[in-house]
Structure formats: C-alpha cells, structure tokens
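Below is one structure, written out as structure tokens; comments come after it.
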C-alpha cells in the first residue's frame, strides 16, 4: 500500500507544476505529484531526489492513496474544459471534506460554478491565483487564494511557506469568498498587460526617436530599475536588451517578430470592466495593441500606402528624463485603474476585498511587483474606502510632478507618427477623471432627442424629457 502521509498533492507536472511541488517539498512538507505523462513523473522524481519528501505517479489511485486526509490537491493544468475533466475524474475517488485547489488562470465565473457544484458533493474547492512564472513557482510566487476560508486554513501553512517573502512577510493572504482569488489574479494580469505595453512604448520611442543603442537602452532601464521605477518588468527589460543572439550577430530583441500573443486574461479584465462600468483604458488599449500587432502583413501594407514619418531630432538626455517621468506616471495610472476595478467588483460580487492586503502580497514574487506597491499599500491602509488611487494625498504630488512630461511626450509622439496608445490613454484617463465638467451633457441631449431617454439637470432635482423636434 502507498504511504498515505504526504501533506500535499499536485496534478499537472509541467514546468509550473514541477517547480511548485519542488518548492513545497523544499519547505518542509511532503508532496506527491500526478501526471498522465510518465516522463514528467520521472523528471520530478529525479529532480526531487528524496522520494520521502517528493514522489509522483501516473496512477491516480496511487496518487490519492498517498495523501493524508483531508486530501489537499492542487491543479496546475490549462484553464477551461481540462479543469472540469480533471475534477470529474477525481470525484468518484474523493472523500468528504477533501480539498481541490485550482491554481490556474481560470475565469472567475467558472470558479463560482465549480465551487457550488463541488460543495453539493461535500468537497471543498477554491481558486488560487499563482504569479511569478516558473522561477516564481520554484523560488516563491505571489499566491492569491479565495473561496472556502475553512479549506484555506488547511493549506495556509503550506502556502505561507512556499510564497515569496517581502520583509519576511509571505506574499499570500486569504482574499475573500467564492472566486475572489481567481478574480484578483485576473486583474493582476490585466495590470500586467498595461505595464508591459507602456514599457514597450518607452523602449520604442527611445530607440526610434532618441536613437539610443541597445547598450544605452539597457543602461537606461537598468538605471530606472534602481530608482522609483524599480519593478520586475523594468528589470527584465534591461536584461532582455543586453541579450546577444545565439543564432545571428547582434542583440536577440532586434530579431524577435513584433507580434505579441495572449492567453485571454487581459481580455477578460476588459470585458468585465465593461460589465461593471469601470473605465480601464490603459489596460483596454494594451489588449487591443496585441490584436493590432497580429495584423503584421496588413500593417506592412498600410505603411507602404501611408508612409512613415521620420521623427524630428530630440535631445537624448531630455528624452530620457521625460520618458522616465512618463513611465512612472502611467504605471501609477494603470495600477489605479486595476485597483478601481477590484473595488467595484468587491461590492458587486460581495468579495469583501482588502486592497491594502492585495497590494501587499503583490510586492514580491509576482510579475507586477514594483517599488510603487509599497506606497499603494500605505495609501489603502490610510483610507480603506479610497475611491481611486488618484485621490490619495501621497499620489497627488507624484502625478502633478510628472504629468507635464507626459503631455510633452504624447505631443511629440503624435506629431511624429510614433504610436504610444498606452501613454496617451493614461493621460486621457487622468484628464477626464480630473475634469469636473465633461461634454457628456450633449450626449444626454442627443439620447433624449432620438430616444426619449431623459436627462438630469444641473440646476434642479428630477428626471426631464424635452420634445426637441417639430
């Protein structure tokens, strides 16, 4: 009979799964893995070394019988139908109060459906977003669990042990009921889309307008990462720009096709923001730009038709200064939009999210970790009811000081035909959000004219309608 003393089970021994389970085993917990692929099973056994700490099988019965009760089983498999298939294969073999954890990027509504379904079967289920990629999974990711609080308590010691640490605090916290964990991970990924788009825009204008070499670009991003823009994405951008090509002369980044792919979480963020009525234009345009990037052949044809402007000369040192300030400004705006969406979703879906806690667990391990998150954590600690990060006193000064550079850079880019939609959308959001009067009164008049949709007035209470035409 298998030894039924393993503390934690994991299904899906791909790169993420293998690294996560080894992380568990390295932190004092016995872990057992399962995969249909015998080669992946053997790879884990070989890398783990000590089978008393970490073992694996391609036999589901051996896997389940090796786990102590209640079984704690994490799934790290592709989101969608595969998750449902794995759950159905497990159900006949599970015992009451066993726990299934979905560690993938599942759509939050799927998590709600699965939790309700498994609850009816006496099985605990919760979603836990895991960010940090394969290296994070091995060395310490940021983990975003939500769902059954009772079930989370069973795995809390394991998750706190394997999570990334910031000032010796684990980057994991119970976030709320139902699909709170998967929802927060979705917004995390939406913010990630926005930050990546903005970073690419700064690279593009520095290279094409400032004529910076790859070495100069590497040094610029490395310098920024040592200052207030310190973040994982700025750090790896610096490293990417210095990477030599193994297959040809020159830097690898120059040989990579400008078509960015996506797995859907950014799109889900945008779709859900529309459902909630929350504006997130910096994230929306990041999703759209990946879609535009896919139209490579059409873009080349259009460039031949319309031509390409040669950017006007600009002082390199001045450009570097305003680019740093613009990137800092737009990073703040992107975090603000994502956190605004989280606040509204918390009310709509009754998650009871603590935004300070979320910012806190994003400070290490995850893709959007950044020095800014310390300031964001403090802003939401000071005012848990903060409607928008733009209203936090500590951020007002940061935005006021940097917005002139954003206006300069957006103007230069527009005049010289350099696409910077992430930055321009961030500026438009800021200008609209900080405008006490917008031209939407005309839209309300138009709606009332053609559809009798009524309107409100500025000078008196009530709902009004006007017969506009003859």
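The values are calculated or read from the model by the stated rules, or taken from the named source; none is laboratory data. None of these values were measured; they are calculated from a predicted model. For neighbour counting, all protein chains shown are included, and Cβ atoms are generated from backbone atoms with ideal geometry for every residue, glycine included.
Quick one: is residue 152 over 23 Å from residue 338 (Cα atoms) and surrounded by fewer than 19 Cβ atoms within 10 Å (Cβ to Cβ)?
Criteria not met by residue 152.
Name the helices (runs of 4 or more DSSP H) wholly within the stretch 128-208 that hold at least 2 residues that are modelled with pLDDT of 95 or more and out of contact with any strand residue (DSSP E or B) (no Cβ under 7 Å at 6 or more places or on another chain)?
Ranges flagged: 149-162, 180-208.
If you go through the stretch 67-82 one residue at a time, how many are outside any loop (DSSP other than H, G, I, E, B) and modelled with pLDDT of 95 or more?
Residues flagged as outside any loop (DSSP other than H, G, I, E, B) and modelled with pLDDT of 95 or more within the stretch 67-82 amount to 5.
Return only the number of the condition from (1) free of Cβ contacts under 8 Å to residues at least 40 places away in the same chain; (2) part of a loop (DSSP other than H, G, I, E, B); (3) touching a helix residue (DSSP H, G or I) at 6+ places or on another chain (Cβ under 6 Å) that residue 122 does not satisfy.
(3) is the only condition that residue 122 fails.
Taking the condition of being touching a residue at least 60 places away in the same chain (Cβ under 8 Å), surrounded by 14 or more Cβ atoms within 10 Å (Cβ to Cβ) and either farther than 12 Å from residue 332 by Cα or assigned by TED's automatic domain parsing to the domain that holds residue 143 (or both), how many residues in the stretch 373-406 meet it?
Number satisfying all stated conditions: 2.
Just give me the residues in the stretch 220-232 being in contact (Cβ under 8 Å) with a residue 40 or more places away in the chain and either closer than 17 Å to residue 206 by Cα or outside the structural domain of residue 322 (by TED's automatic domain parsing) (or both), in sequence order.
220, 224, 229, listed by residue number.
Would you check which residues across the stretch 241-266 are crowded, with 18+ Cβ neighbours inside 10 Å and either assigned to a helix (DSSP H, G or I) or under 20 Å from the mean Cα position of the chain (by Cα) (or both) and list them?
241, 265, 266
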